[in-house]
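Bear in mind that the values in this text are calculations on the coordinates, not laboratory data. As the structure is a prediction and not an experimental result, all values here were calculated from the model. We place every Cβ from the backbone using ideal geometry, glycine too, and count neighbours over all the protein chains shown.
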Amino acid sequence: MADKLHATAPIGAEAISANGLRLALAPLAEAASLGAFAGSGRAELLACVRAEFGVDLPQTPKAVTTADGLVTFLWCGPSQWLALAPAEASGPSGASSGGQGLMARLRASCGAVCALSAQGDSRTALRLSGPGTRAVLSRLVPVDLHPRAFRAGDVALTLAGHIPVIVRHLDDQPEACELLVFRSFAASLFHDLHVAMTGHTS
Amino acid sequence: MRLTCPFCGSRGLEEFTYRGDALVRRPAADTSLQTDAQAWTDYVYLRDNPAGLHSELWYHGVGCRSWLVVTRDTRTHRVDDVRAASAVAAERSGGAA
Ligand SMILES: [Zn+2]
């Protein structure tokens with residue numbers, strides 16, 4: 001029997017801190033994309049997700065998290081969403097039960113009304129936090145990140161420099177953002193963010 | 001130049017790709033190349049080049065990946081209208097999106 005390849009981390013770097021900011025991987029246990037089928041698929045998908053997860057899929061660029069904190073749904077375009085199960089999310093039973101079985105849950109509850117694809121190997125999540133997160137991110141991201149325009153739960157699909165990213169504002173107390181990036185760009189984005197954090201160009 | 005995506009809001013040009021004249025229509029499938037070559041020539045090669053309002057397709061590839069129909073003044077780059085191509089198509093066919 002052939003040996004399995006070792007899983008490698010998308011970036012080699014440990015979490016870094018600079019100027020009161022912290023940049024770290026925010027590992028995902030599972031991720032999946034949902035694309036509603038044409039016709040009545042969209043309405044049916046909304047109903048299925050509401051029944052299984054107790055939340056309404058966002059209709060605008062926003063994220064919504066289930067009451068138990070285990071799953072977050074991100075708007076990803078009209079009739080498209082990304083479901084994320086963070087690895088560190090702790091379920092009602094405590095420990096890190098978060099995320100396991102997301103794909104199975106989705107398949108059982110809404111597999112008939114949407115195109116469902118595992119994205120765990122596609123996207124990597126980075127978390128930038130600390131005072132000045134918005135200002136640092138503004139050095140790379142061309143959308144308005146001012147608190148009046150970009151609040152907790154808001155999502156933007158855009159560019160960080162030349163790298164396509166999905167930015168999600170998590171919180172203002174303390175300030176924190178999550179960036180979803182294609183795995184092969186993760187190291188490059190990590191580097192760019194590090195440079196932005198230190199305020200230098202390289 | 002900036003475009004206001006109906007889904008994502010105001011974004012810079014670097015997020016979009018120009019995809020040509022939005023008014024071009026493919027001839028019906030049974031249009032003969034022998035008897036109606038002009039219809040295919042028009043469709044494949046011939047484009048208006050208006051000095052003024054132009055209806056054009058743009059793709060928001062970095063954002064929501066929607067196709068958009070943009071009405072732009074070619075003399076000034078003033079953008080008068082941006083709509084989802086799906087909505088424009090639904091309106092044209094008289095059906096739902
Ligand atoms: Zn868009």
Answer in debye to the nearest 20: the dipole magnitude of chain B about its Cα centre, from +1 Lys/Arg and -1 Asp/Glu charges placed on Cβ, is 280
By the rule of no other cysteine beta carbon under 4.7 Å, the lone cysteines of chain A are A:CYS76, A:CYS114, A:CYS177
Note: the stretch A:30-118 at 20 °C, 1.002 mPa s; Kirkwood Rh on alpha carbon pairs; Stokes-Einstein D in µm²/s works out to 166
Taking only the alpha carbons of the stretch B:2-93, the radius of gyration and the largest Cα-Cα distance, Dmax, both in angstrom, are 15.1, 47
Rounded to the nearest Å, the spacing of the alpha-carbon centers of the stretch A:139-190 and the stretch A:30-63 is 22
Counting only DSSP loop positions in chain B, the trypsin sites (Lys or Arg not before Pro) whose Cβ has at most 12 other Cβ atoms within 10 Å are B:ARG25, B:ARG47, B:ARG75, B:ARG78
Per-residue ellipticity at 222 nm attributable to helices in chain A (runs of n ≥ 4 DSSP H, -39500 (n - 2.57) apiece, nearest 500 deg cm²/dmol) works out to -6000 deg cm²/dmol
With the dipole of chain B defined by +1 on each Lys or Arg Cβ and -1 on each Asp or Glu Cβ, the option from B:SER55, B:SER66, B:ALA28 whose Cα lies farthest towards the positive pole is B:SER66
Residue separation between A:ALA7 and A:VAL55 times 0.36 nm, minus their alpha-carbon distance, gives in nm 14.0 nm
In chain A, taking the dipole from +1 charges on Lys and Arg beta carbons and -1 charges on Asp and Glu beta carbons about the Cα centre, the listed residue (A:ALA43, A:ALA67, A:ALA13) farthest towards the positive end is A:ALA43
Taking trypsin sites (Lys or Arg not before Pro) as exposed when in a DSSP loop with at most 13 other Cβ atoms inside 10 Å, chain A has its longest clean stretch at A:5-147
Net charge (Lys, Arg +1; Asp, Glu -1) of residues whose beta-carbon lies under 14 Å from that of A:LYS62, A:LYS62 excluded, is -1
If the label point sits 7 Å along Cα→Cβ of A:ASP121, residues of the stretch A:26-45 with amide N under 15 Å come out as A:30-33
In debye to the nearest 20, the charge dipole size for chain A, taken about the Cα centre with +1 at each Lys and Arg Cβ and -1 at each Asp and Glu Cβ, equals 240
In debye to the nearest 20, the charge dipole size for the stretch A:105-180, taken about the Cα centre with +1 at each Lys and Arg Cβ and -1 at each Asp and Glu Cβ, equals 160
By the rule of another cysteine's Cβ lying under 4.7 Å, the cysteines of chain B that fail to get a partner are B:CYS64
Applied in sequence order to the stretch A:121-138, the curve 6.51 cos²θ - 1.76 cosθ + 1.60 (Karplus, θ = phi - 60°) yields integer Hz couplings, x standing for Gly and Pro, of 8, 8, 10, 10, 10, 10, 10, 10, 9, x, x, x, 4, 4, 5, 5, 5, 5
Taking GluC sites (Glu not before Pro) in a DSSP loop with at most 16 other Cβ atoms within 10 angstrom as exposed, one finds the longest site-free stretch of chain A at A:89-202
A correct Kirkwood calculation over the Cα atoms of chain A returns a hydrodynamic radius in Å of 17.7
Connecting every pair of Cα atoms under 10 Å apart in chain A and solving the GNM, the largest mean-square fluctuation among A:GLY12, A:GLY101, A:GLY130 falls on A:GLY12
Counting Lys and Arg as +1 and Asp and Glu as -1 over every other residue whose Cβ sits under 12 Å from the Cβ of A:LEU45, the net charge comes to -1
Longest principal axis of chain A (C-alpha) makes with the long axis of helix A:41-53 (C-alpha) an angle, in degrees to the nearest 10, of 80
